[in-house]
1. Give the number of residues within the range 147-177 that are closer than 23 Å to ASP97 by Cα and either aliphatic (A, V, I, L, M) or open to solvent by less than 40 Å² (accessible area, probe 1.4 Å) (or both).
2. Go through the range 132-146 and give me each residue that's farther than 17 Å from HIS166 by Cβ, in contact with a strand residue (DSSP E or B) (Cβ under 8 Å, 6 or more places away or on another chain) and either charged (D, E, K, R) or open to solvent by less than 50 Å² (accessible area, probe 1.4 Å) (or both).
3. Out of the range 22-53, which residues are under 16 Å from ILE82 (Cβ atoms), open to solvent by 50 Å² or more (accessible area, probe 1.4 Å) and out of contact with any Asp or Glu (no Cβ under 9 Å at 6 or more places or on another chain)?
4. I need the full set of residues from the range 112-136 which are among the small types (Gly, Ala, Ser) and either closer than 16 Å to ASP97 by Cα or not in a helix (DSSP H, G or I) (or both), in order please.
5. Quick check on this structure: which one of PHE63, PHE7, PHE55 is closer than 27 Å to ALA99 by Cβ, at pLDDT 90 or above and under 20 Å from the mean Cα position of the chain (by Cα)?
6. Being open to solvent by 40 Å² or more (accessible area, probe 1.4 Å) and either assigned to a strand (DSSP E or B) or in contact with a Leu (Cβ under 9 Å, 6 or more places away or on another chain) (or both) is the filter here, so list the residues in the range 101-111 that pass it.
7. Kindly establish whether ALA194 is more than 22 Å from SER73 (Cα to Cα) and touching a residue at least 24 places away in the same chain (Cβ under 8 Å).
8. Would you check if PRO15 is closer than 30 Å to ASP77 by Cβ, open to solvent by 70 Å² or more (accessible area, probe 1.4 Å) and either in contact (Cβ under 8 Å) with a residue 24 or more places away in the chain or not hydrophobic (A, V, I, L, M, F, W, C) (or both)?
Amino acid sequence: PPDRPWFQWVHMYDPHETKSRARYPEFVAHMDQGLGVLLAGLAERGLADETIVVFVPDHGEGFGEHRQRSHASSLYDDQLRIPMLIKIPGFEGREFDVAVSLVDVPATILAAAGAELAGADGVNLLPLLRDGTYPADRPIFAELHRWRGEDGTRNRDMKAVILGHHKLIHDRMRGSLQLYDLSDDAAEMHNLLASDAGRAKELA
């Protein structure tokens, strides 16, 4: 075992470029096997019970939903909503269905390691993992910017905010807004902008 604190980042890329919905489970299974080897290696070295393990994708994948394929093409939940698995020694296994952010991962690791959080982005998720405590009415932000061509032409400029069970998507290039109630419209098919202008204004 190492005699000092250590950190390792592993990028498992297999499913990333999969364009086929049919083959996607195959590539995910291959990645899962690799993850199993990594975790078994920790156990063999006596490190499993003292190592923080975080598993999180950087984005989802579109397979035709909203006429979008691949990724980095929209801020709908098929590309935005992803699982986050965190194993911290001393914490019981629990499951939560709350909106958190990728920027919370560094803050949580720093807090678990006893480091200072001053200036850190994100929310420390240890209180959530310990007893379910989480900031009420915390907004989650997402953005998407893409450039194409040698001239650096921008072809995507989008922002989104999730607050509670509502989500607002702002396409800045088209000047359009979309408002969804994720509690009863998880597929984001019914734009509530016209019927709930007050909520849209609040999120905007």
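1. Looking only at the range 147-177, we keep the residues that are closer than 23 Å to ASP97 by Cα, and these are 159-169.
Narrowing the set further to residues that are either aliphatic (A, V, I, L, M) or open to solvent by less than 40 Å² (accessible area, probe 1.4 Å) (or both) leaves 160-163, 166-169.
Counting residues in the range 147-177 that are closer than 23 Å to ASP97 by Cα and either aliphatic (A, V, I, L, M) or open to solvent by less than 40 Å² (accessible area, probe 1.4 Å) (or both) gives 8.
2. GLU143, LEU144, ARG146
3. ASP32
4. Pass one, the range 112-136, residues among the small types (Gly, Ala, Ser): 112-115, 118-120, 122, 132, 136.
ALA113, GLY114, ALA115, ALA118, GLY119, ALA120, GLY122, GLY132, ALA136 - these are the residues of the range 112-136 that are among the small types (Gly, Ala, Ser) and either closer than 16 Å to ASP97 by Cα or not in a helix (DSSP H, G or I) (or both).
5. Numbers: PHE63 fails: at pLDDT 90 or above; PHE7 fails: under 20 Å from the mean Cα position of the chain (by Cα).
Residue meeting the stated conditions: PHE55.
6. Step one: list which residues in the range 101-111 are open to solvent by 40 Å² or more (accessible area, probe 1.4 Å), which gives 102-103, 106, 109-110.
Within the range 101-111, LEU110 is the sole residue that qualifies.
7. Values: more than 22 Å from SER73 (Cα to Cα): yes; touching a residue at least 24 places away in the same chain (Cβ under 8 Å): no.
Considered against the rule, which asks whether it is more than 22 Å from SER73 (Cα to Cα) and touching a residue at least 24 places away in the same chain (Cβ under 8 Å), ALA194 comes out as no.
8. Working: closer than 30 Å to ASP77 by Cβ: yes; open to solvent by 70 Å² or more (accessible area, probe 1.4 Å): no; either in contact (Cβ under 8 Å) with a residue 24 or more places away in the chain or not hydrophobic (A, V, I, L, M, F, W, C) (or both): yes.
Criteria not met by PRO15.
The values are calculated or read from the model by the stated rules, or taken from the named source; none is laboratory data. Bear in mind that the values here come from a model prediction, so they are computed numbers and not experimental data. Every residue, glycine as well, gets a Cβ built from its backbone with ideal geometry; the counts of neighbours run over all protein chains shown. The area values use the complete protein model at the heavy-atom level, side chains included, leaving out ligands, DNA and RNA. Shrake-Rupley method; radii C 1.70, N 1.55, O 1.52, S 1.80 Å.
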